[in-house]
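Since the structure comes first, as structure tokens, the remarks are kept for the end.
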Amino acid sequence: MRITVLSLIFLMSGLMVLFGCGRGEEPIDEKELAASVEDWTLTKQALEEVLQKLPRSQKKKYDSPRGRAELADRYLAEQLFYLAGKKIGIENTESAKKAIDEALRRIIIAEYYKNYVEKEARPTEKEMLEYYESNKDDFISMEVRRARHFFSKSKDKIFEMKERIDAGEKMTELTVKYSEDQTTKRDAGDLGYFNPGGFIRFVGYSQKFSDAVFSLEPMVVSDPIEWEKGWSIVVVTEVQPERLRPFDEAKSEISRIITSRRIDLAKDQAVQELKERYDARNYMQETAEQALRSPEELWNLAQTTTDSYERLRSYQEIVQRYPNSEYVPQALFMLGFVSAEELMDFVAADRYFRQVIASYPGTDVAKSADWMLQNLNKPLPEFKDLDDLHEKISEESKKSE
């Protein structure tokens with residue numbers, strides 16, 4: 001067997017079978033094995049599972065008896081390299097130790113990030129449901145259609161074919177014989193599934209063609225349709241109507257949306273907490289402190305930008321870098337306000353408002369934070385600026401007393 005650099009890259013990729021695959025105390029029937037060496041085994045079932053997870057191009061390459069044999073041989077070669085390396089103690093060489101340490105370091109970082117940073121950014125079931133209820137328009141799937149067509153660049157030919165179809169000849173048979181669309185004619189003109197204005201097999205992007213097809217009744221042969229490339233006769237074979245995707249179907253997408261919005265802040269907070277826990281110092285950062293923006297500059301930046309995440313970063317920087325600044329109480333309040341009113345992140349908002357109340361009890365900003373806590377996800381009174389908001393909240397609080 002010839003082992004190439006490409007083979008080694010393949011073996012070192014995420015497609016590897018774990019060492020000892022199929023290893024166990026009970027013997028395995030040889031009929032179930034794809035490969036083995038010493039006490040390492042690769043079962044046919046494990047090989048099949050790997051095959052199904054391959055990218056489409058790779059799967060096509062190995063989806064045959066000969067291909068499966070080649071795939072099994074790749075994993076067998078991997079295990080042989082492992083056995084040979086272990087026998088000579090290659091893991092004890094300096095280069096191997098360095099590689100193992102670096103690999104372990106990356107694994108630890110990735111696992112910590114996933115379990116302790118990303119976890120903080122992930123939404124609860126309640127938050128996902130609230131997001132879904134507030135953004136249902138985002139989860140409406142457009143109508144999807146499937147159609148067949150007969151294509152010709154000749155107007156005379158297309159009208160001749162329409163007459164023959166109307167006279168009783170089968171459109172599918174005429175398409176296979178005479179259509180000038182070489183992409184779909186073997187499939188009797190099948191254009192596959194597409195939505196309004198979307199990409200269509202052979203057609204590409206054609207609003208004119210799409211509009212015509214979406215005006216047709218299902219299973220009715222159209223009159224000749226003229227569009228950019230020529231002429232088509234179309235029949236819609238299937239219609240999947242517009243629908244609101246149910247919450248359970250949209251949940252994973254909602255989780256990704258909310259997590260992606262929160263992850264930067266979660267990471268910044270985690271890093272700051274760990275810096276304090278381990279007394280870490282960034283000497284380059286300390287050297288650059290003189291170039292940092294002042295609390296006032298950060299506050300003004302947050303007031304002028306329309307990017308909610310940029311605003312959060314500015315307020316966060318005020319709180320973290322200038323804990324004794326007079327801007328901190330308002331910055332904490334605004335972290336909660338932006339989280340609630342602009343990002344609909346009520347968990348983060350709750351945390352920030354409670355921090356304001358605990359850190360600055362009895363102050364006007366704490367009273368405003370308390371009112372915001374009691375009225376999360378409810379309409380706010382109209383206001384001109386932050387001072388006006390505090391005044392309006394004070395008025396609302398007095399009304400409810």
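The values are calculated or read from the model by the stated rules, or taken from the named source; none is laboratory data. Note that the coordinates shown come from a computational prediction; the quantities given were computed from them, not determined experimentally. Note that each Cβ is placed from the backbone with ideal geometry, even for glycine, and that neighbours are counted across all protein chains shown.
Couple of notes before you dig in:
- The sole residue among Ile233, Ile257, Ile225 that is modelled with pLDDT under 95 and either surrounded by 14 or more Cβ atoms within 10 Å (Cβ to Cβ) or touching a helix residue (DSSP H, G or I) at 6+ places or on another chain (Cβ under 9 Å) (or both) is Ile257.
- Any pair with Cβ under 6 angstrom, 6 or more apart, that starts in region 235-246 at a residue that is over 26 Å from Thr184 (Cα atoms) and ends at one that is surrounded by fewer than 14 Cβ atoms within 10 Å (Cβ to Cβ) and of a type in the set (D, E, K, R): Glu242/Glu143
- Residue check, Thr363 surrounded by fewer than 17 Cβ atoms within 10 Å (Cβ to Cβ) and touching a residue at least 12 places away in the same chain (Cβ under 8 Å): yes
- Selection within region 97-131 - farther than 21 Å from Ile257 by Cα, exposed (fewer than 12 other Cβ atoms within 10 Å of the Cβ) and among the small types (Gly, Ala, Ser): Ala103
- Exactly one residue out of Leu274, Leu332, Leu312 is over 30 Å from Asp387 (Cβ atoms), within 31 Å of the chain's Cα centre (by Cα) and not acidic (Asp, Glu): that is Leu274.
- Residues in region 191-214 that are buried (at least 20 other Cβ atoms within 10 Å of the Cβ) and touching a residue at least 60 places away in the same chain (Cβ under 8 Å): Val213 only.
- Verdict on Asp388 being of a type outside the set (S, T, N, Q), at pLDDT 85 or above and surrounded by 11 or more Cβ atoms within 10 Å (Cβ to Cβ): no
- Beta carbons closer than 6 Å, at least 6 apart along the sequence or on distinct chains, pair a first residue in region 261-280 that is without any contact (Cβ under 8 Å) to a residue 60 or more places away in the chain with a second that is part of a helix (DSSP H, G or I) and not aliphatic (A, V, I, L, M) for Gln272/Gln320.
- Against the conditions (1) surrounded by 13 or more Cβ atoms within 10 Å (Cβ to Cβ); (2) touching a strand residue (DSSP E or B) at 6+ places or on another chain (Cβ under 8 Å); (3) over 30 Å from Arg243 (Cβ atoms), Arg148 satisfies every one except (3).
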